[in-house]
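The values are calculated or read from the model by the stated rules, or taken from the named source; none is laboratory data. Here the structure is a predicted model, which is why all the values come from computation and not from measurement. Here Cβ is always computed from backbone atoms with ideal geometry, including for glycine, and neighbour counts include all displayed protein chains.
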């Protein structure tokens, strides 16, 4: 009898999870680009009609920028630790990143409270307060992305405690690492845009 050898399917150049992540980040970038573009197009026309309220961004939004920078450092350390099989360090810095992600959401909430105190809400009675609606939309959609990252970090931390993240199993850690840098850099860009656009 002739024995037939099974031909293995070639390994994909990019893991499906990573490919899906890049598609998600591309779609998210296009979403925020549309929001920023709408802001840029709407502002001059509204200012010409005196229907645009200028206001300072809440100080807590600046605090969240610092948190984003620090959490990018902690997720980087966690990623490098996993690659070097330093599993305790990986778990510690994953937990730190998760805590900083939650702190980021708290600072956004406090920033929104400051806006409400100024009577600047998502839906405003005065047409000129449409500027605040843009800030609410941009920051709100971004926080939704951060919450997705927090869930991803939680799953990674759970896997780390089960010893399922190490140098030979890095896909989930790599996805969490890349996505967290994405939402962090995205917030820095959005904050600077809103700060100078105001």
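Below, the figures for the structure above:
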| item | result |
| --- | --- |
| Failed item in (1) out of contact with any strand residue (DSSP E or B) (no Cβ under 9 Å at 6 or more places or on another chain); (2) buried (at least 17 other Cβ atoms within 10 Å of the Cβ); (3) modelled with pLDDT of 95 or more, with residue 52 passing the rest | (3) |
| The stretch 112-122: number of residues that are within 17 Å of residue 190 (Cβ to Cβ) and either exposed (fewer than 13 other Cβ atoms within 10 Å of the Cβ) or without any contact (Cβ under 8 Å) to a residue 24 or more places away in the chain (or both) | 1 |
| Selected residue (criterion: farthest from residue 98 (Cα to Cα)) from residues of the stretch 52-67 that are assigned to a helix (DSSP H, G or I) and touching a residue at least 40 places away in the same chain (Cβ under 8 Å) | 59 |
| Any chance residue 125 is over 18 Å from the mean Cα position of the chain (by Cα) and surrounded by fewer than 16 Cβ atoms within 10 Å (Cβ to Cβ) | yes |
| Members of the stretch 59-78 that are buried (at least 23 other Cβ atoms within 10 Å of the Cβ) and over 15 Å from the mean Cα position of the chain (by Cα) | 78 |
| Filter result for residue 132 (crowded, with 18+ Cβ neighbours inside 10 Å, touching a helix residue (DSSP H, G or I) at 6+ places or on another chain (Cβ under 9 Å) and under 28 Å from residue 81 (Cβ atoms)) | no |
| Selection count, the stretch 141-170, where residues are surrounded by 13 or more Cβ atoms within 10 Å (Cβ to Cβ), assigned to a loop (DSSP other than H, G, I, E, B) and either free of Cβ contacts under 8 Å to residues at least 60 places away in the same chain or touching a strand residue (DSSP E or B) at 6+ places or on another chain (Cβ under 7 Å) (or both) | 0 |
